[in-house]
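Peer 1: Just dropping this structure here.
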Ligand SMILES: Cc1cc2nc3c(=O)[nH]c(=O)nc-3n(C[C@H](O)[C@H](O)[C@H](O)COP(=O)(O)OP(=O)(O)OC[C@H]3O[C@@H](n4cnc5c(N)ncnc54)[C@H](O)[C@@H]3O)c2cc1C
């Protein structure tokens, strides 16, 4: 059987779905991609309104493989560290790595998706259908029921392999949930988020440090801001959804201004549209999704957020989603036409790692909102710098996750092993110092 005999139906032309379509098309498969929304290349992108995300080594590697990394990075803003804004209006820059060449990249989500869709459209064998919503999947045959949202006409696309790339609320995954022994877990964070904006200054420049991820850590909540090429910053306020301090408590313009003046005083002068943004922009929720298995026989497989939605605090969601695409195409190459074996292998490779990044992302929320400004955190960073100097092979967990392609679960294991070694060495040094001190005291006596 040739690869061109096999047809894939991808639900979702988001980031993961479009990249997967490129990989499959280039591997010689026929691919039809069904996207619920209209073609986002027709959307206008106004300055100061772009939503961005942090792209790092894993995501860049996957884009390189599609020949798109240079194009995407040409429009990215490098963020070599975080700028931590204190209550008192002070700010301090903390580099992410000892290596000055290592940075994360703020990219426009819309432009990234457009680039991927453009490339998918150019790829032989790939067809894209916008305003086509996947409503149901037939797992026995790999058929999909599609609703054309502009005409409300329903069609059935027959016999293929279904790839669920339809995001955190995946319809494809929902079909898998109705199969025997499918495990599913979804948990919402108590915090939601609202997007705000720092527009460009009068000359189109950045009003605050361009090359940094800005954080205003406030213990139980925080605001962050990522730079855009057009001089603006996309700010995200993470706040509890309920309780004495929550989004609903700020109703009037005065409430909003007073709160921001009190808690984010140094940001307020840079946010001229704060009140209208706060009142106009929705509050969105954040959830973690874990499920298993990610496939059904040789008929259906999940990628990206459809398989594993994670909270955004490690900036790894789409980096992990792009890694899925690489792992899936590699497994298909390895197992040739045995798709069930390929999907099983892919599932084993990715599941442990996606669970790990889900846990790390939740833990990093506490670190970002609560610890980055604390003296304990700064002490930890100083210790890491010392360890770096004394143990050249020591790589902090953040670097393993963000600046390497070591699988997430192995990164954690490596980090635990390193920390154990460091504790042993520190223990030996303390013991030696104690003995020397004891001898000195004895000598004096
Ligand atoms: C606030 C926030 C900040 C984030 N920041 C980062 C970051 O800095 N770095 C990072 O790596 N990740 C980040 N993420 C995570 C990242 O956005 C997701 O991991 C990524 O978008 C997942 O890509 P995806 O293609 O799997 O899903 P999506 O991007 O959700 O795309 C799914 C696509 O499927 C379509 N679709 C949905 N249902 C159907 C259907 N039934 N039929 C057809 N089409 C359908 C949708 O319209 C969409 O186009 C962040 C997430 C949030 C919420």
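Peer 1: Would you be able to tell me the number of residues in region 6-34 that are within 29 Å of residue 51 (Cα to Cα) and more than 16 Å from the ligand (Cβ to nearest atom)?
Peer 2: 1
Peer 1: Could we say that residue 40 is surrounded by 15 or more Cβ atoms within 10 Å (Cβ to Cβ) and either under 16 Å from residue 165 (Cβ atoms) or modelled with pLDDT under 95 (or both) here?
Peer 2: yes
Peer 1: Among the residues of region 209-225, count how many are at pLDDT 95 or above and part of a loop (DSSP other than H, G, I, E, B).
Peer 2: The qualifying residues number 4.
Peer 1: So for region 185-196 (the condition being closer than 13 Å to residue 300 by Cα and in contact with a strand residue (DSSP E or B) (Cβ under 7 Å, 6 or more places away or on another chain)), does at least one residue qualify?
Peer 2: no
Peer 1: Which condition from (1) under 25 Å from residue 196 (Cα atoms); (2) within 16 Å of the ligand (Cβ to nearest atom); (3) without any contact (Cβ under 8 Å) to a residue 60 or more places away in the chain is the one that residue 80 breaks?
Peer 2: Only one criterion in (1) under 25 Å from residue 196 (Cα atoms); (2) within 16 Å of the ligand (Cβ to nearest atom); (3) without any contact (Cβ under 8 Å) to a residue 60 or more places away in the chain is unmet by residue 80, namely (3).
Peer 1: Just name the residue that is nearest to the chain's Cα centre (by Cα) out of those in region 352-376 that are buried (at least 17 other Cβ atoms within 10 Å of the Cβ) and at pLDDT below 75.
Peer 2: 372
Peer 1: Could you list all residues from region 136-161 that are crowded, with 21+ Cβ neighbours inside 10 Å and in contact with a helix residue (DSSP H, G or I) (Cβ under 8 Å, 6 or more places away or on another chain)?
Peer 2: If the condition is that a residue be crowded, with 21+ Cβ neighbours inside 10 Å and in contact with a helix residue (DSSP H, G or I) (Cβ under 8 Å, 6 or more places away or on another chain), then 137, 161 are the ones that fit.
Peer 1: Now for a different question. Looking only at region 162-208, how many residues end up being part of a loop (DSSP other than H, G, I, E, B) and buried (at least 16 other Cβ atoms within 10 Å of the Cβ)?
Peer 2: 10
Peer 1: So which residues in region 225-272 are out of contact with any strand residue (DSSP E or B) (no Cβ under 7 Å at 6 or more places or on another chain) and closer than 17 Å to residue 89 by Cα, if there are any at all?
Peer 2: Correct list: 257, 258, 259, 260, 261, 262, 263, 265, 268, 269.
Peer 1: Which one of 122, 133, 98 is over 22 Å from the mean Cα position of the chain (by Cα), more than 16 Å from the ligand (Cβ to nearest atom) and either modelled with pLDDT under 95 or surrounded by 15 or more Cβ atoms within 10 Å (Cβ to Cβ) (or both)?
Peer 2: Exactly one residue qualifies, and that residue is 98.
Peer 1: Would you be able to tell me the number of residues in region 154-206 that are on the phi > 0 side of the Ramachandran plot and more than 16 Å from the ligand (Cβ to nearest atom)?
Peer 2: 3
Peer 1: When you scan region 64-80, do you find a residue that is surrounded by 17 or more Cβ atoms within 10 Å (Cβ to Cβ), within 20 Å of the chain's Cα centre (by Cα) and assigned to a strand (DSSP E or B), even just one?
Peer 2: Yes.
The values are calculated or read from the model by the stated rules, or taken from the named source; none is laboratory data. Just so we're clear, the structure is a prediction, and the values are computed from it rather than from any experiment. Because the Cβ atoms are built from the backbone with ideal geometry, glycine has one as well, and the counts that use them run over all protein chains shown.
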